[in-house]
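Worksheet for the structure shown next.
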Amino acid sequence: MSTLGSWTLSPESYDAGRYRFDGPIVLDSGGASGYTVRVIPSNGLLTSVAELGVAAVA
């Protein structure tokens, strides 16, 4: 079971330059589950997420 999605998260300031991001997650099934999360910066001056070197097309 895998679902890909994109959500806008709100950054919350944290200690020592670290940040916590908050956003809504809807759980549609019970039981054990896991998440893989990738945080990609968003800025109107960037042409794509690959510009930062944090994402690539394989």
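Across segment 22-37, what is the number of residues that are of a type in the set (S, T, N, Q) and either open to solvent by 100 Å² or more (accessible area, probe 1.4 Å) or part of a strand (DSSP E or B) (or both)?
Looking only at that region, the number is 1.
Test LEU46 against the criterion of being in contact with a Leu (Cβ under 9 Å, 6 or more places away or on another chain), part of a loop (DSSP other than H, G, I, E, B) and at pLDDT 75 or above, and give yes or no.
Here the answer is yes, as LEU46 does meet what is asked.
Among the numbered conditions (1) at pLDDT below 75; (2) of a type in the set (Gly, Ala, Ser); (3) open to solvent by less than 90 Å² (accessible area, probe 1.4 Å), tell me where SER13 comes up short.
(3)
The values are calculated or read from the model by the stated rules, or taken from the named source; none is laboratory data. Keep in mind it's a predicted model, so treat the numbers as computed, not measured. Virtual Cβ from ideal backbone geometry, glycine too; neighbours counted across all protein chains shown. Quick note on the areas: whole protein, heavy atoms, side chains included, nothing else; ligands and nucleic acids left out. Shrake-Rupley method; radii C 1.70, N 1.55, O 1.52, S 1.80 Å.
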